[in-house]
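Below: one structure, written as structure tokens.
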Amino acid sequence: MEKTYDIHVEKFDHLISPSQLKDRVPLSEAARRTVLSGRRAIADILEGKDARLLVIAGPCSIHDERSALEYANKIKSLNDKVGDTMLLVMRTYFEKPRTTVGWKGLINDPWLDGTCDIGAGLERTRRLLLEITEMGVPTATEMLDSIVPQYIAGLVCWAAIGARTTESQTHREMASGLSMPVGFKNCTDGGLSTALNAMIAAGSPQSFLGIDQNGVSAIVKTTGNPNAHIVLRGGRRPNYDSVSIMEAVDQLRGKHLSEAIIVDCSHANSFKKYENQARVWQDCINQRIDGNDAIVGLMLESNLREGNQKLTDDPTALEYGVSITDACISWETTEALIRSAHDQLQSTLRSGDATPEGNGRYKVASPA
């Protein structure tokens, strides 16, 4: 009898359940403390209870655990020096959306050879997140596949929903049940309405199909995520300038949503040129110094070494510490930007130029 289902499916490779992977790679007490304290600190910044600047910095995507751990050590060391003005969170991205085809990240293709050993990818990702959080470094990642969070979300402090998936009902529902603050990026044309609608949906109770800790299909019922917020990544034009920030605040206020804004210094805001991230960064720091505290966080695509490289048929030939997806600024540039901003923000706090309002957030400065 001719089948009417799975006609284009070659085979099913079964995965271990989330609970089995957690038994194999258990959460340590040190990692638990980092995750809980990291989430609380990020939420406090978003809610205006903590005046520090949230900085999410790290590789566009992680393809090599050794270089990722080296980067994490550098973040840890620098966090200890700038912690009174900033909270540094490491960008640990393991899933990459593709317009057509290409390498889809460490989870999907951990061996960089097209074999797509997702089981190994999930385990390597969980082990790496465990090591990074055990160092005391908070983690941030993009949630792309709706099943993946059950395997790794317990080790993540902040999550992003990308510009191409912010409109997806599946991702809005997923975000409503995630345990960490979630940032929605504006869509690729620069419009904000999609992200604002996503924030409303993610902040509301939802019911949808998913899997439980045993990998069994289930109806997932959520309470809604109280810390959904917007991430400005640019569109047809950049949207990090003071006028764009004010326009975003007005739209957020009009829908009674969180007015906390994170600016992505990369992507369309940098015209996809990694060297321009420094310009976006400094403009936003200047706005903060001028009293505009609607900008509560900044994102940097940063790696040990600048630029990027192509993934070839010989992964062993890859240059250490260089991105294989979007081009990144170097660690030296990253450290210089963060240290300079720390000095500038410290001076502002000492001078008393910025006076907190009753809700803990500084008054948003009107554009000149």
### Message
Show me, bin by bin at 5 Å from 0, the whole-percent P(r) of segment 60-181 based on Cα pairs.
### Response
2, 11, 21, 23, 20, 14, 7, 2, 0, 0
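Enumerate by residue number the trypsin sites (Lys or Arg not before Pro) in segment 1-35 meeting two conditions: DSSP loop (anything except H, G, I, E, B), and at most 12 other Cβ atoms within 10 Å of the site's Cβ. Walk me through the numbers before you get to the answer.
On the way: sites: Lys3, Lys11, Lys22, Arg24, Arg32, Arg33; in loops: Lys3, Lys11.
Here the trypsin sites (Lys or Arg not before Pro) that fit, given the DSSP loop and packing criteria, are Lys3, Lys11.
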### Task
Identify, among Pro18, Asn286, Pro226, the residue whose Cα sits farthest towards the positive end of the charge dipole of the chain, taking +1 on the Cβ of Lys and Arg and -1 on the Cβ of Asp and Glu, with the dipole about the Cα centre.
Pro226
### Query
Which angle from 0 to 90°, rounded to the nearest 10, does the C-alpha axis of helix 331-351 make with the longest principal axis of the chain?
40 degrees
### Task
Give the label of the value calculated from the structure for Cα extents along the principal axes in Å, choosing from (i) 80, 66, 49; (ii) 66, 50, 35; (iii) 76, 45, 43.
(iii)
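Return a whole-number percent for the relative contact order of the chain, with Cα pairs under 8 Å and 6 or more residues apart as the contact set.
Values: 738 pairs, mean separation 61.6, N = 368.
With pairs under 8 Å counted, the relative contact order is 17 percent.
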### Query
So which GluC sites (Glu not before Pro) in segment 318-347 pass both tests, a DSSP loop state and at most 16 other Cβ atoms within 10 Å of the Cβ?
Glu319
### Task
Could you please state, rounded to a whole Å, how far the C-alpha centre of segment 1-75 is from the C-alpha centre of segment 225-286?
24 Å
### Message
Once R0 is set to 41 Å, what does the formula 1/(1 + (r/R0)^6) return for the Cβ-Cβ distance between Gln169 and Thr316, expressed as a FRET efficiency to the nearest 0.05?
### Response
0.50
#### Entry: Simple label model, 7 Å out from Cα along Cβ direction - Arg127 to Asp343, nm
4.2 nm
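Per-residue counts of other Cβ atoms within 10 Å, averaged by peptide: what ranking do you get for 277-285, 212-220, 240-248, highest first? Each step should come with its number before you reach the end.
Details: 277-285: 20.9, 212-220: 12.8, 240-248: 18.8.
Going by the mean number of other Cβ atoms within 10 Å, highest first, we get 277-285, 240-248, 212-220.
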## Note on the structure
In order over segment 313-324: 3J(HN,Hα) from phi, Karplus 6.51/-1.76/1.60, θ = phi - 60°, whole Hz, x for each Gly or Pro, gives 6, 10, x, 5, 8, 5, 6, 5, x, 10, 4, 10
### Message
Within segment 129-164, name every residue whose backbone N is under 19 Å away from a label modeled 7 Å from Cα of Arg66 along the Cβ vector.
### Response
129, 131-132
### Task
Starting from the amide H of Thr85, placed 1.01 Å from N in the peptide plane, find each other amide H under 5 Å away whose residue is 5 or more places distant or on another chain.
none
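Fully extended, how many nm does the chain gain between Arg236 and Gln309 (0.36 nm per residue separation, minus their Cα-Cα distance)?
Working: separation 73, 0.36 × 73 = 26.28 nm, distance 2.61 nm.
That works out to 23.7 nm of additional length.
Of the DSSP beta bridges with both residues in the chain, give the percent that are antiparallel, rounding to the nearest 5. Walk me through the numbers on the way to the answer.
On the way: 7 of 38 bridges.
Bridges in the chain are about 20 percent antiparallel.
DSSP loop trypsin sites (Lys or Arg not before Pro) in segment 98-160 with at most 16 other Cβ atoms within 10 Å of their Cβ, which ones? Mind showing how you got there, number by number?
On the way: sites: Arg98, Lys104, Arg124, Arg126, Arg127; in loops: Arg98, Lys104.
Answer in residue order: Arg98.
Among 299-305, 12-18, 199-205, how do they line up from the highest to the lowest mean number of other beta-carbon atoms within 10 Å? Mind showing how you got there, number by number?
Details: 299-305: 25.4, 12-18: 13.1, 199-205: 19.0.
Result, highest mean Cβ count within 10 Å first: 299-305, 199-205, 12-18.
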## Note on the structure
Residue by residue through segment 51-63, the couplings from Karplus 6.51 cos²θ - 1.76 cosθ + 1.60 with θ = phi - 60°, in Hz, x for Gly and Pro, are 7, 5, 8, 7, 10, 10, 10, x, x, 3, 8, 9, 10
### Task
Give me the percent of the accessible area of segment 33-138 that comes from carbon and sulfur atoms, probe 1.4 Å, all protein chains in place.
49 percent
## Note on the structure
Shape descriptors of segment 138-210 over alpha-carbon atoms, Rg and Dmax in angstrom, are 11.5, 33
### Task
Taking only Cα atoms and a 10 Å spring cutoff, compute GNM fluctuations for the chain and point out the largest among Gly291, Gly307, Gly254.
Gly254
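How would you classify segment 202-276 from its alpha-carbon gyration tensor, with a ≥ b ≥ c the square roots of the eigenvalues: rounded for a/c under 1.5, else prolate if a/b is greater than b/c, otherwise oblate?
Details: a/c = 4.05, a/b = 1.78, b/c = 2.28.
Cα axes put segment 202-276 in the oblate bin.
In nm, what is the difference between 0.36 nm times the number of residues separating Lys49 and His256 and their Cα-Cα distance?
Working: separation 207, 0.36 × 207 = 74.52 nm, distance 1.83 nm.
Here the answer is 72.7 nm.
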## Note on the structure
HN-Hα couplings for segment 284-299 via Karplus (6.51, -1.76, 1.60; θ = phi - 60°), in whole Hz with x for Gly/Pro, come out as 5, 4, 4, 5, 4, 5, 6, x, 8, 9, 5, 7, 9, x, 9, 10
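The values are calculated or read from the model by the stated rules, or taken from the named source; none is laboratory data. Computed from a predicted model, the values in this text were never measured in an experiment. Quick reminder, even Gly has a Cβ in these numbers, built from the backbone with ideal geometry, and neighbours come from all protein chains shown. Areas reflect the complete protein model, heavy atoms only, side chains present, ligands, DNA and RNA absent. Shrake-Rupley method; radii C 1.70, N 1.55, O 1.52, S 1.80 Å.
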